[in-house]
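J.: Structure incoming, see below.
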Amino acid sequence: MDLAPHDHEPMTQIAAWQADLTALQARIAPRFGRPEVRARAGKYLAALLEPLERRNGWQVAEALGERSPDGVQRLLRTARWDAEAVREDLRAYVVEHLGDAQAVLVIDETGFLKKGTKSVGVARQYSGTAGRIEHCQIGVFLAYASPRGRAFLDRALYLPKAWATDPPRREGAGIPPEVVFATKGDLAQAMLARAFAAEVPAAWVTGDETYGNDGDLRRWLEGQQRPYVLAVARSHPVWHEGAQVRVEALLPEIPADGWHRLSVGDGSKGPRIFDWACARLPYWTEDGWAQWLLIRRSVSDPQDLAFYRAYGRAETPVAEVARVAGTRWTIEEGFQRAKELGLDQYEVRRWAGWHRHITLCLLAHAFLEITRSGIAGKKGEPAPT
């Protein structure tokens with residue numbers, strides 16, 4: 001992985017920023033009571049940044065100079081430390097370096113393919129990573145995208161009902177008693193609530209159809225006057241002229257001059273330009289607020305469409321709503337980069353182990369993204385996209 005967006009430097013040059021990494025290790029050190037656990041956690045964080053072929057127990061142990069993976073496994077499985085407290089450090093670290101009032105909170109999920117039946121939460125379920133139903137675990141994530149850069153803030157493991165209601169499996173996987181079945185929308189709401197309680201600066205929330213189709217999540221955001229742009233299915237129902245219709249049925253209602261050709265940022269192949277249409281929906285809102293249906297159409301293939309429910313200040317321009325919709329893709333890139341650091345290469349099966357590895361990996365990813373953002377700033381370039 002390159003630290004700078006245009007300079008192809010090997011990852012080993014991370015040594016040039018050793019002071020920053022040492023400061024990050026010191027930041028989380030109080031979360032680990034025993035000196036040996038504290039030291040190993042700092043080394044584990046550093047090892048995730050090394051150019052290893054894989055970041056499994058053996059290879060990480062070798063990077064730490066240890067003869068076996070026993071110490072690494074103890075760190076993730078049985079050592080006494082609180083991954084939720086480290087998650088709070090992660091969030092504070094990201095906000096400290098990337099915080100911006102115009103930032104967007106991005107919700108999405110990713111799959112972790114697994115072969116056995118013992119890994120907590122594993123089941124045959126749809127994985128967007130594979131694009132089909134697979135034997136996998138699903139993690140729901142909250143990312144932060146600002147003009148200064150982007151990184152992850154939070155994570156939650158989705159626990160299917162079959163797991164949540166099976167006492168022997170719960171006990172075997174170490175699932176805490178207070179953890180009950182929660183939909184992906186419920187998990188997203190809990191993570192957003194933590195971010196709001198911590199006063200994370202952000203102007204919008206965005207996410208894919210899983211979250212846009214969740215009416216409870218949308219209404220919760222509206223109740224807190226938190227603007228959002230959430231994708232919905234083309235079959236999603238809305239009220240129109242006194243009747244409920246599928247959003248795709250409203251396409252013929254859009255006049256030719258109702259489409260706006262807008263760029264929503266640069267992608268790997270240049271500017272991401274689409275045609276956008278936006279119309280106000282007939283739902284009650286507080287004075288000064290509004291709900292809209294937003295439609296995105298491909299310039300090269302007019303049949304390639306995406307639909308969104310949006311909520312925000314009534315005076316919000318279409319270009320801003322479209323920009324937020326386009327921001328959702330930053331989390332896909334975030335997953336890709338985090339998986340290069342071993343996000344999906346863990347060898348733990350229990351509840352605590354999953355959250356511990358994922359949290360430390362997200363912290364390593366945040367370090368790289370903040371470092372890359374700092375490099376861009378020193379060169380007078382915009383934050384990497």
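J.: Of Gly207, Gly265, Gly42, which is the most mobile in a GNM of the chain whose springs link Cα atoms less than 10 angstrom apart?
T.: Highest fluctuation among the options: Gly265.
J.: Another one. So for the chain, if I pair up every lysine 8 or more residues apart or on another chain, how many of those pairs have alpha-carbons under 26 Å apart?
T.: 15
J.: In whole angstrom, how long is each semi-axis of the equivalent ellipsoid of the range 73-173, when you take the square root of 5 times every eigenvalue of its Cα gyration tensor and sort them from largest down?
T.: 29, 19, 11
J.: Compute the distribution of all C-alpha to C-alpha distances in the range 20-144, in bins of 5 Å from 0, and list the percent of pairs in each, rounded to whole numbers.
T.: Result returned by the calculation: 2, 9, 14, 15, 19, 19, 14, 7, 1, 0.
J.: If you don't mind, another one. Quick check on the range 253-330: of the DSSP beta bridges with both residues there, what percent are antiparallel, nearest 5%? Don't skip to the answer; put the middle values down first.
T.: On the way: 22 of 22 bridges.
Bridges in the range 253-330 are about 100 percent antiparallel.
J.: Compute the distance from the alpha-carbon center of the range 318-369 to that of the range 44-95, in whole Å.
T.: 16
J.: So what J values fall out for the range 95-100 if you push phi through Karplus, 6.51 cos²θ - 1.76 cosθ + 1.60 with θ = phi - 60°, rounded to Hz, Gly and Pro as x?
T.: 3J(HN,Hα) across the range 95-100, in whole Hz: 5, 4, 9, 10, x, 7.
J.: With just the Cα atoms defining each centre, how far is the range 102-150 from the range 221-241? Give it in Å.
T.: Answer, in whole Å: 22.
J.: Sticking with this one: Please work out, to two decimal places, the log10 of the ratio I(q)/I(0) at q = 0.08, 0.19, 0.21 Å⁻¹ from a Debye calculation in which every Cα of the range 109-255 carries one identical scatterer.
T.: Scattering profile of the range 109-255, log10 relative to I(0): -0.29, -1.22, -1.32.
J.: What's the carbon and sulfur percent of the chain's accessible surface, probe 1.4 angstrom, rounded to a whole number?
T.: 50
J.: Let me ask you something else. What does the net charge come to around Arg350 if you take all other residues with beta carbon closer than 12 Å to its beta carbon, with K and R at +1 and D and E at -1?
T.: Taking every other residue near Arg350 into account, the sum is +4.
J.: Of the chain, which part is the longest with no trypsin sites (Lys or Arg not before Pro) in a loop (DSSP not H, G, I, E, B) and with at most 13 other C-beta atoms within 10 angstrom?
T.: Answer - 119-268.
J.: Looking only at the chain, where both bridge partners belong to it, what percent of the DSSP beta bridges are antiparallel (to the nearest 5)?
T.: Roughly 90 percent of the DSSP beta bridges within the chain come out antiparallel.
J.: Compare Leu64, Leu250, Leu368 in a GNM of the chain, Cα atoms joined below 10 Å, and give the one with the largest fluctuation.
T.: In the Gaussian network model the winner is Leu250.
J.: Ok, one more. Calculate I(q)/I(0) for the chain by the Debye formula, one identical point scatterer on each C-alpha and no solvent, and give its log10 at q = 0.06, 0.10, 0.12 Å⁻¹ to two decimals.
T.: -0.25, -0.69, -0.97
J.: How would the range 188-303 be classified by its alpha-carbon gyration tensor: rounded, prolate or oblate, with rounded meaning a/c under 1.5 and the a/b versus b/c comparison settling the rest? Please list the in-between numbers first.
T.: Details: a/c = 1.96, a/b = 1.24, b/c = 1.59.
Taking the square roots of the gyration eigenvalues as a ≥ b ≥ c, the range 188-303 is oblate.
J.: So, one more: Kindly provide log₁₀ I(q)/I(0) values, in the same order as q = 0.14, 0.17, 0.31, 0.32 Å⁻¹, from the Debye equation applied to equal alpha-carbon scatterers of the range 110-153.
T.: Per q value, in the given order, log10 I(q)/I(0) is -0.42, -0.54, -1.01, -1.05.
J.: Next question, about the same structure. Taking GluC sites (Glu not before Pro) that fall in a DSSP loop and have at most 11 other Cβ atoms within 10 Å as cut points, what is the longest piece of the chain between them? Walk me through the numbers on the way to the answer.
T.: Details: sites that count: Glu53, Glu178, Glu199, Glu241, Glu286, Glu315.
After excluding every exposed loop site, the longest remaining stretch is 54-177.
J.: Enumerate the calculated ³J(HN,Hα) couplings along the range 291-300 in order (Karplus 6.51 cos²θ - 1.76 cosθ + 1.60, θ = phi - 60°), each rounded to whole Hz, writing x wherever the residue is Gly or Pro.
T.: 10, 9, 9, 10, 10, 10, 10, 5, 5, 7
J.: Where the eigenvalues come from the Cα gyration tensor of the range 216-364, what are the semi-axes √(5λ) of the equivalent ellipsoid, largest first, in whole Å?
T.: 34, 21, 15
J.: Leaving out ligands and nucleic acids, note down the accessible area per residue over the range 201-298 with a 1.4 angstrom probe, in whole Å².
T.: 52
The values are calculated or read from the model by the stated rules, or taken from the named source; none is laboratory data. Here the structure is a predicted model, which means the values were calculated and not measured. Positions of Cβ are backbone-derived with ideal geometry, glycine not excepted, and every protein chain shown enters the neighbour counts. Please note that ligands, DNA and RNA were not included when accessible areas were found on the heavy atoms of the full protein model with its side chains. Shrake-Rupley method; radii C 1.70, N 1.55, O 1.52, S 1.80 Å.
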